[in-house]
Amino acid sequence: MLEGHKVRRACATLATVALAVVAAACGSGTSDNSGGGGGGKTTLTLKAITDNQKTWQQLISAYKKENPDVTIKATFAPTDQLQTALRAQLGAGGAPDLFVVWPGNGSAMSVKQLAPSGLLADLSDQSWVKTIPEGTRPLLGVGDKTYMWSPSTTPIGVIYNKQVLKDAGVTSLPKTYTEFLAACDKLKKAGKIPIALGLQTPWVTQLVPYAIAPATAFKDDPNLAKDMLDGKKSFTNSQWDEVYKRYLDLEKRGYFNPNPNGTTFEQQTAMVAGGKAGMAIQVTGTLPGYLDAAKNPDEIATFPFPASDKADDLEIAAGISAGLGVSSKTSKMAAAKAFMKWLGDPHQMGTFAKGGYAVPLVSTGEKLDPLVQPFAPFVKDNKAVPFMDQEWPNAKVQPVHFAGIQELFAGKTSIPKMLESMDKAYDEK
């Protein structure tokens, strides 16, 4: 899955950042002639998600204080741009020394796509690898090797505007799906958009299905991801259709904003932050954008998406966060790996997880942010289903999924036809 997409106060800011990254793509690499193996000054280049910009700047500044001879030049862009422009840059041989990598196998920038192509350096000998839970490590590499660093798990939940829900008469947060629908009814009757949805931004399309799936497709078969890999189940031969039936039912009830296909992620965020909409179903990593856009950040809060009919049965969707990898082509390998080793310290991992509004993979001894705390028990108690695309066998299903949902909302396809298309992409080698 794709996670992390920060919204700035003005769209112009995003455009400026994007242009800067595109320009930088033509000249990535280091700006000096040092080798990075010791002696002299070293410059490393890093590309990452806009969502994480503040946290990266904080960590880079801290690293500079400890390592004054190392300069890290970082550029940032929204995820959808990195998924395309950065991947093309890697293919053309112009990789930055360090760059964002997604876990699992769902996208063109995922570790299981990049590592077999020889684009990532092996990080298996780094000491922090052993601190990562064993069940998580396979998503950070290929086979028994680790090729990327990630410090946290990012949940999908409901980001909401407290004042909007209060004004609509929603006096307690919903804990079941029936209660959630009732809250949406109250918001609609109060003249507010219950759920802001920005399907024009492709990665947003997948989030509502992922939030629904633990209570439908994966309730029917908790081992569905493995059963699909083993050929025992498929998108058409499972309860995946129930996921999209619920998705479209929310649309038929009028709970989304008009024309979701013509609405961007930035507009979705602005609706909730500005009080036009009550809620958005989003990854918690996007919270910085909501907080930045809100007049009063204290009005922004979260709760687990209550997809189940019984509160005690609730499981959430939560996936390993996007992290960082080292280019196998870098001429500054020693310096790049030294930075990765430093990032593997629990303090740095905690700092990154906190800045990304995520649940740390390792114990940091720090209290979680109140916006993240509602999701922590689900992660701790193994009541979290990994983002589904992280366990798909290739990167071809995801774009078919994105386009299929947009076509569903446009009335150009049906659920069975979309699932058939996803099965076809799933089976491609």
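The values are calculated or read from the model by the stated rules, or taken from the named source; none is laboratory data. All values reported here derive from a predicted model rather than from experimental measurement. Ideal geometry is used to build each Cβ from the backbone, glycine not excepted, and the neighbour counts take in all protein chains shown. Surface areas here come from the heavy atoms of the whole protein model, side chains and all, with no ligands, DNA or RNA. Shrake-Rupley method; radii C 1.70, N 1.55, O 1.52, S 1.80 Å.
For the range 167-182, the set of residues classified as over 16 Å from residue 212 (Cβ atoms) and out of contact with any helix residue (DSSP H, G or I) (no Cβ under 6 Å at 6 or more places or on another chain) consists of 167, 171, 172, 173, 182, listed by residue number. Inside the range 327-416, counting only helices (runs of 4 or more DSSP H) that do not spill past its ends, which hold 2 or more residues that are out of contact with any Pro (no Cβ under 9 Å at 6 or more places or on another chain) and crowded, with 20+ Cβ neighbours inside 10 Å? Here the list reads 333-343, 397-410.
What's the total number of residues in the range 140-193 that are more than 30 Å from residue 393 (Cα to Cα) and more than 23 Å from the chain's Cα centre (by Cα)? Summing the residues that are more than 30 Å from residue 393 (Cα to Cα) and more than 23 Å from the chain's Cα centre (by Cα) in the range 140-193 gives 32.
The criterion of at least 2 residues that are closer than 17 Å to residue 149 by Cα and either of a type in the set (Val, Ile, Thr) or at pLDDT 95 or above (or both) is met, among helices (runs of 4 or more DSSP H) falling completely within the range 1-111, by 53-66. Among the residues that make up the range 283-294, is at least one of them open to solvent by 50 Å² or more (accessible area, probe 1.4 Å) and modelled with pLDDT of 95 or more? No; the residues of the range 283-294 include none that is open to solvent by 50 Å² or more (accessible area, probe 1.4 Å) and modelled with pLDDT of 95 or more.
For the range 168-198, the set of residues classified as touching a strand residue (DSSP E or B) at 6+ places or on another chain (Cβ under 7 Å) and within 21 Å of residue 247 (Cβ to Cβ) consists of 184, 187, 188, 192, 193, 194, 195, 196, 197, listed by residue number. Taking residue 124 and the conditions (1) within 27 Å of residue 281 (Cβ to Cβ); (2) open to solvent by 30 Å² or more (accessible area, probe 1.4 Å), which numbered condition does it fall short on, given that it satisfies the others? Here residue 124 clears every test but (1). Residue 262 - would you say it is over 23 Å from residue 168 (Cα atoms), out of contact with any Lys or Arg (no Cβ under 9 Å at 6 or more places or on another chain) and surrounded by fewer than 16 Cβ atoms within 10 Å (Cβ to Cβ)? So residue 262 passes the test.
Of everything in the range 165-203 that is in contact with a Gly (Cβ under 8 Å, 6 or more places away or on another chain) and open to solvent by 70 Å² or more (accessible area, probe 1.4 Å), the residue that is nearest to residue 300 (Cα to Cα) is 192. Among the residues of the range 310-324, the one identified as of a type in the set (A, V, I, L, M) and either without any contact (Cβ under 8 Å) to a residue 12 or more places away in the chain or part of a helix (DSSP H, G or I) (or both) is 311. Checking each residue in the range 248-259 for being open to solvent by 30 Å² or more (accessible area, probe 1.4 Å) and assigned to a helix (DSSP H, G or I) picks out 248, 249, 251, 252. Any chance the range 325-338 includes a residue that's under 29 Å from residue 245 (Cα atoms), touching a residue at least 24 places away in the same chain (Cβ under 8 Å) and of a type outside the set (S, T, N, Q)? No, the range 325-338 contains no residue that is under 29 Å from residue 245 (Cα atoms), touching a residue at least 24 places away in the same chain (Cβ under 8 Å) and of a type outside the set (S, T, N, Q).
The residues of the range 339-369 that are in contact (Cβ under 8 Å) with a residue 40 or more places away in the chain, touching a strand residue (DSSP E or B) at 6+ places or on another chain (Cβ under 8 Å) and hydrophobic (A, V, I, L, M, F, W, C), listed by number, are 339, 340, 343, 349, 352, 353, 358, 359, 361.
Taken together, 197, 114, 120, 165 contain a single residue that is touching a Pro at 6+ places or on another chain (Cβ under 7 Å) and either of a type outside the set (Ser, Thr, Tyr) or at negative phi (or both), which is 197. Kindly indicate the residue of the range 84-110 that is surrounded by 24 or more Cβ atoms within 10 Å (Cβ to Cβ) and of a type in the set (Ser, Thr, Tyr) and also nearest to residue 428 (Cα to Cα) among those meeting that condition. Ranking the candidates gives 107 first.
Entry remark, the range 212-247: residues being within 23 Å of the chain's Cα centre (by Cα), under 18 Å from residue 414 (Cβ atoms) and open to solvent by 30 Å² or more (accessible area, probe 1.4 Å) number 1 in total.
Does the range 206-225 contain any residue that is assigned to a helix (DSSP H, G or I) and of a type in the set (Ser, Thr, Tyr)? Yes, because at least one residue in the range 206-225 is assigned to a helix (DSSP H, G or I) and of a type in the set (Ser, Thr, Tyr).
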